[in-house]
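Student: Below you'll find the structure I mean.
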Amino acid sequence: MNRTPLFPAAASGIRPAPLPVTGPVTVPVPAAVRFRAACPECRGRFELAAAALRLAIGATSRTTFYTFTCPECGASVRKPAGERIIELLTGGGVRTLRLHTAL
């Protein structure tokens, strides 16, 4: 049996090839991604494209929310966004704004 010790390559004196330096990785998102939403004003239910939604991520759960305009009544809607909603919206290509507190 061949017993090959496992240890990091740097410890053996062998250096791995450097990785190419690139910018942020862009993940392609299909244009057909749609999100189900409901309006609390008119009680309408509909599907929205990622471009119709905005996500704001703040320091607390009170300052993390997503917004859209109801296509049926035109009301501006703001709803809280938990971790799962954030994951779904960012993965679906919704534009995100990160809110920072002033020092």
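Student: Can you find, within segment 77-103, the residue that is surrounded by the most Cβ atoms within 10 Å (Cβ to Cβ) among those that are part of a loop (DSSP other than H, G, I, E, B) and of a type in the set (A, V, I, L, M)?
Tutor: 94
Student: Could you list, in sequence order, the residues of segment 69-86 that are hydrophobic (A, V, I, L, M, F, W, C) and under 18 Å from residue 98 (Cβ atoms)? Can you show your working first?
Tutor: Initially, segment 69-86 is screened for residues hydrophobic (A, V, I, L, M, F, W, C), giving 70, 73, 75, 77, 81, 85-86.
Selection gives 81, 85, 86.
Student: List every residue pair whose Cβ atoms sit under 7 Å apart, with the two residues 6 or more apart in sequence or on different chains, where the first one lies in segment 82-102 and is more than 15 Å from residue 34 (Cβ to Cβ) and the second, anywhere, is open to solvent by less than 60 Å² (accessible area, probe 1.4 Å) and assigned to a helix (DSSP H, G or I).
Tutor: 99/63
Student: Oh, and also: Condition first: surrounded by fewer than 12 Cβ atoms within 10 Å (Cβ to Cβ) and among the small types (Gly, Ala, Ser). Now tell me which residues in segment 39-76 satisfy that.
Tutor: Listed by number, the residues that qualify are 51, 59, 61, 74, 76.
The values are calculated or read from the model by the stated rules, or taken from the named source; none is laboratory data. Here the structure is a predicted model, which means the values were calculated and not measured. Positions of Cβ are generated from backbone atoms using ideal geometry, with glycine treated the same way; all protein chains shown enter the neighbour counts. Only protein heavy atoms, including side chains, enter the accessible area calculation; ligands, DNA and RNA are left aside. Shrake-Rupley method; radii C 1.70, N 1.55, O 1.52, S 1.80 Å.
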